[in-house]
Each structure stands twice: as structure tokens, then as C-alpha cells.
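Input: a single structure, listed below in C-alpha cells.
The values are calculated or read from the model by the stated rules, or taken from the named source; none is laboratory data. Since this is a predicted model, take the numbers as computed values, not measurements. Every residue, glycine among them, receives a Cβ derived from its backbone with ideal geometry; neighbour counts consider all protein chains shown.
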Amino acid sequence: MSSIKNTVAVSDHADAAFKRRFLWKLVLVLTGGMFLDGYVLGIIGPVTGPMAADLGLSTLSEGLIAASALFGILIGAPLAGWASDKFGRKLMFTADMALFVIASAMQFFVHEPWQLLVVRLLMGVAIGAEYSVGWPLLSEFVPARLRGRLMGVTLIAWYVGFMLAYLVGYLLTENTDLGWRAILGTSTVIAVVLLIARIGLPESPRWLWNVGRRDEAHALAHKYMECFADMIDVEHEDTRKGSFGMLFSRQYWRATLFTAGFWFCAVTPYFAIATFADSVLDQYGLSGGLAGGVGLSAVAAGAVVLTVLLVDKLGRRALTVPPQWLCMALLAVIGLWAGAPPMVVLILFLSFSFFNAMYNTLTGIYPAEVFPTEIRGIGTGFAAAVSRVGAGIGTFLLPWSMANLGTAVTMLIAAVIAGIGAGLSQWLAPETKGMSLSETAAGVVH
């Protein structure tokens with residue numbers, strides 16, 4: 001009898017160790033995808049000068065190419081979200097990285113502005129797919145008690161990727177003869193590694209249960225899910241087909257309005273300011289070169305780390321609503337204080353970057369929690385698409401706005417956008433700390 005008990009104990013320990021290894025592998029491959037997303041969006045900034053000179057770009061074309069990946073997300077996020085709800089998370093999680101590899105490699109061979117525009121657009125499609133497939137997949141495996149932290153970790157990787165891309169791009173541009181095409185193409189290596197790592201990952205048990213494949217769902221839940229309560233919660237899934245129209249149903253329109261509107265208002269000012277950090281800071285006598293882009297991203301990454309540590313303790317609302325009001329105030333001060341000393345302006349921009357990153361972390365957590373399994377992909381994809389409309393518009397129009405409306409008006413417009421997001425979140429942001437996905441996706445936003 002003692003031998004049997006010892007064998008069972010060893011088996012249980014090995015089973016638990018296997019589940020932990022799987023969970024960390026899943027977190028790492030999604031974190032790598034978010035790192036790559038940040039890298040792709042950040043690398044364009046430092047090479048804009050040589051790229052524009054080589055291709056003969058106008059200011060308008062420069063802004064359009066910088067924003068093209070963001071507009072690609074507008075296509076990829078809802079399309080991949082719909083496909084992952086219909087055909088499964090596993091297939092799309094691998095397919096989007098395959099597209100990433102192809103599009104990233106194509107950057108080595110562009111010779112015309114339109115070619116670069118198309119390639120960056122395709123990369124944006126892959127990024128959009130990463131948002132609408134990766135976050136739902138991760139949320140459907142992680143324990144409820146760790147969901148906020150582990151999903152938030154992916155946002156740390158995004159900011160680190162954005163920051164490292166700016167650093168790599170700046171150093172290679174300033175200190176080597178490497179062309180801008182090769183610098184942009186450095187993302188290919190990362191994409192290949194991630195594609196290989198994703199081969200063999202399992203399907204989501206929640207998705208399988210939702211589409212009626214209950215035996216498979218039960219087997220995979222017990223094989224890969226660490227928490228017994230989460231295994232049982234899988235069996236609470238409804239077996240019904242989702243549709244795009246469900247996003248605007250009586251049950252889910254508030255969740256849709258909140259996630260899309262909150263995300264839109266969170267990223268629009270950040271992308272515009274961070275992408276052209278040097279140009280913005282130069283207007284205030286702060287031609288920081290490397291310090292501009294890296295400094296804002298480094299502060300943002302630190303804020304995400306803090307948010308990740310606190311999100312499952314303080315809850316979602318405390319880290320969502322107050323920081324948005326602070327960012328509105330900071331941008332308003334920058335816009336209204338015309339004669340502010342340069343060092344004060346720098347502190348205000350760094351403070352904005354910090355608090356903006358805090359609530360931006362929640363944009364990677366909320367969508368996967370407030371939508372049910374049958375529309376979790378399309379719900380996340382729709383919110384990501386709407387957010388990237390704002391990010392794309394901000395990136396595209398910021399150079400024009402700075403030149404034609406002035407920095408003060410531009411910053412005040414950003415403050416208004418932050419204020420709208422704060423008001424929307426004050427009204428609709430739910431508290432989902434510690435709740436199961438069946439509870440968070442019940443369709444009631446408090």
C-alpha cells in the first residue's frame with residue numbers, strides 16, 4: 001500500500017511539474033510574440049531619416065509608412081479573432097507567426113515606397129492576429145489567481161521590444177554601415193525562433209468544449225491545466241456559436257464599448273508621442289537623440305512591471321481609472337504651459353509615459369476576461385482593431401499636427417483623448433480580480 005501511495009505521489013508531482021513547464025512555455029512564446037510586436041513597431045523610428053532620404057519620401061509618405069503596420073492590425077485583429085473562434089486558437093497561433101516570418105524577410109528586398117508600405121501592412125496583419133489569438137489562448141489556460149500577472153507580463157515584453165528596437169536601430173544607424181533594410185529585417189530572426197517554438201502547442205480546452213468536442217476538452221484540461229477549479233470551470237462553458245453581432249447584443253455591448261474605447265484612448269497619444277519621441281522633444285529644446293525614444297519606453301516598461309505586481313492584489317479598476325485622469329492632466333499642463341523649462345517638460349513626458357503604461361497593461365487583460373469563449377477572439381480582435389485606428393491616426397497625423405497646429409494644440413488634443421478614455425473607464429470598467437472566466441464573461445460590466 002505504501003508503495004502505491006509513493007508511486008501516486010511521484011506521478012502527481014511529475015504531472016504538476018509538466019503542467020508548470022507547459023504554462024511557462026505558453027507564457028514565453030506569447031511574451032516573445034509581444035516582444036516582436038513592440039520591436040517591429042519601434043524599429044521604424046530610428047531608421048526614418050535614412051529610409052526617407054533613400055526612398056525620397058514626403059512627410060505624408062513618411063507618416064503613412066510609419067502607421068502602415070498599425071493599419072494592418074486593423075485588418076488582422078478582427079479577421080484572426082473571427083478565425084480563431086471558428087477554427088481554433090492553435091491553428092491561428094502558428095499561422096500568424098508564419099506570416100510574420102514571410103513579411104519580415106520581405107523587408108530586405110523593398111526598393112519602392114509602395115513595397116515597404118505593403119510589407120509593413122502585412123506585418124501589421126500578423127501583429128493583429130497575435131493580439132486576438134494569443135491573449136485569448138493564454139487566458140484560457142492560466143489559473144484565475146495568476147491571470148492578471150501572467151497576461152500583464154506580455155505587455156512588459158512589448159515595451160521592452162519597443163525600447164530595444166529603438167536602441168538597436170539607433171546604434172546600428174549611427175555606428176555601422178548597415179542599411180535601413182537590414183535594420184528593419186532584424187525582426188526576421190526573432191520570428192523564426194518563435195515559429196519553431198509554437199509548433200506542437202495544444203488546442204484550448206475551453207474552445208473545444210464550446211464547439212462540442214467535450215472528450216478532447218476534458219482530456220486536455222486535465223493534462224495541461226494546473227488548477228482543478230479551472231478544469232471544472234471549463235465544463236461551465238456554453239456550447240453555442242459566436243457571431244460578430246453578439247458584440248453589440250444587449251448582453252455584451254457595454255463590454256465591447258469599454259474595451260474598444262478604453263484601448264483606443266490609451267494607445268492613441270502614446271504611439272504618436274513615442275514613435276516620434278525625438279521630434280516631439282526637439283520642439284521643447286530637448287533634442288535627446290537616443291535618450292528620447294529609449295527613455296520613454298524604459299519608464300513605460302518599469303510601469304508595466306509595477307502594474308503586473310499589483311494587478312492581482314489591488315484589482316483592475318484601481319490601475320485603470322486613476323492613471324487615465326493623471327495622464328489627461330499631464331498632457332494638459334504640457335499643452336497649456338507654453339514657457340515651461342525643458343527639464344520640467346521632460347519630467348512631464350516621462351510621467352505621462354509611466355502612468356499611460358500602467359493602464360495600457362490592462363488593455364491586454366480586460367478583453368480576454370469580459371468576452372465569453374465563443375466571441376473571445378473576435379471581441380479582442382475588434383477592440384484591438386479600434387485601438388489601432390487611433391494609434392494609426394495618431395502616428396500618421398502627429399507630424400502634420402506639430403507642423404500646422406503647433407505643439408501646444410497637439411498636446412491638448414492628446415489630453416482630450418485621454419480624458420474621454422478616463423470617463424469611459426470610470427463608467428464601465430469592471431472589477432474581475434480573482435474571478436473565473438465563466439464569471440468575468442457573464443456579460444455584466446460593473
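Tabulated data
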quantity	calculated
Of residues in the range 308-331 being part of a helix (DSSP H, G or I) and not aliphatic (A, V, I, L, M), the one surrounded by the most Cβ atoms within 10 Å (Cβ to Cβ)	Cys327
Residue pairs meeting the criteria (Cβ under 6 Å; at least 6 apart or on separate chains; first among the charged types (D, E, K, R), in the range 75-90; second assigned to a helix (DSSP H, G or I))	Asp85/Gly377; Asp85/Ile378; Arg89/Val133; Arg89/Leu137; Arg89/Trp207
Answer from Tyr159, Tyr166, Tyr170 - the residue that is more than 17 Å from Met34 (Cα to Cα), among the aromatic types (Phe, Trp, Tyr) and buried (at least 19 other Cβ atoms within 10 Å of the Cβ)	Tyr170
Failed item in (1) under 29 Å from Ala368 (Cβ atoms); (2) over 17 Å from the mean Cα position of the chain (by Cα); (3) modelled with pLDDT under 95, with Pro269 passing the rest	(2)
Residue within the range 46-64 that is part of a helix (DSSP H, G or I) and touching a Leu at 6+ places or on another chain (Cβ under 6 Å) present	no
Any chance Ala95 is surrounded by 15 or more Cβ atoms within 10 Å (Cβ to Cβ) and free of Cβ contacts under 8 Å to residues at least 60 places away in the same chain	yes
Filtered residues of the range 344-389 (kept if of a type in the set (Gly, Ala, Ser) and crowded, with 24+ Cβ neighbours inside 10 Å)	Ser353, Ala357, Gly364, Ala368, Gly377, Gly379, Gly381, Ala383, Ala384, Ala385, Ser387
Among (1) under 28 Å from Arg376 (Cβ atoms); (2) out of contact with any helix residue (DSSP H, G or I) (no Cβ under 7 Å at 6 or more places or on another chain), the one test that Phe109 misses	(1)
Contacts under 8 angstrom Cβ, first residue in the range 332-344 being in a loop (DSSP other than H, G, I, E, B), partner surrounded by fewer than 15 Cβ atoms within 10 Å (Cβ to Cβ) and aliphatic (A, V, I, L, M), 6 or more apart	Trp337/Val344; Ala338/Ala408
Verdict on Ala229 being surrounded by fewer than 18 Cβ atoms within 10 Å (Cβ to Cβ) and part of a helix (DSSP H, G or I)	yes
Which numbered condition Ala291 fails, given (1) modelled with pLDDT of 85 or more; (2) surrounded by fewer than 24 Cβ atoms within 10 Å (Cβ to Cβ); (3) farther than 26 Å from Leu64 by Cβ	(1)
Of all residues making up the range 389-446, the number that are part of a helix (DSSP H, G or I), of a type in the set (Gly, Ala, Ser) and modelled with pLDDT of 90 or more	7
Among the candidates Gly364, Gly423, Gly379, Gly434, residue that is farther than 19 Å from Leu310 by Cα and touching a residue at least 24 places away in the same chain (Cβ under 8 Å)	Gly379
Every residue from the range 355-372 that is out of contact with any Gly (no Cβ under 7 Å at 6 or more places or on another chain) and closer than 14 Å to Val299 by Cβ	Phe355, Asn356, Ala357, Met358, Asn360
Filtered residues of the range 299-328 (kept if under 25 Å from Thr410 (Cβ atoms) and without any contact (Cβ under 8 Å) to a residue 24 or more places away in the chain)	Pro322
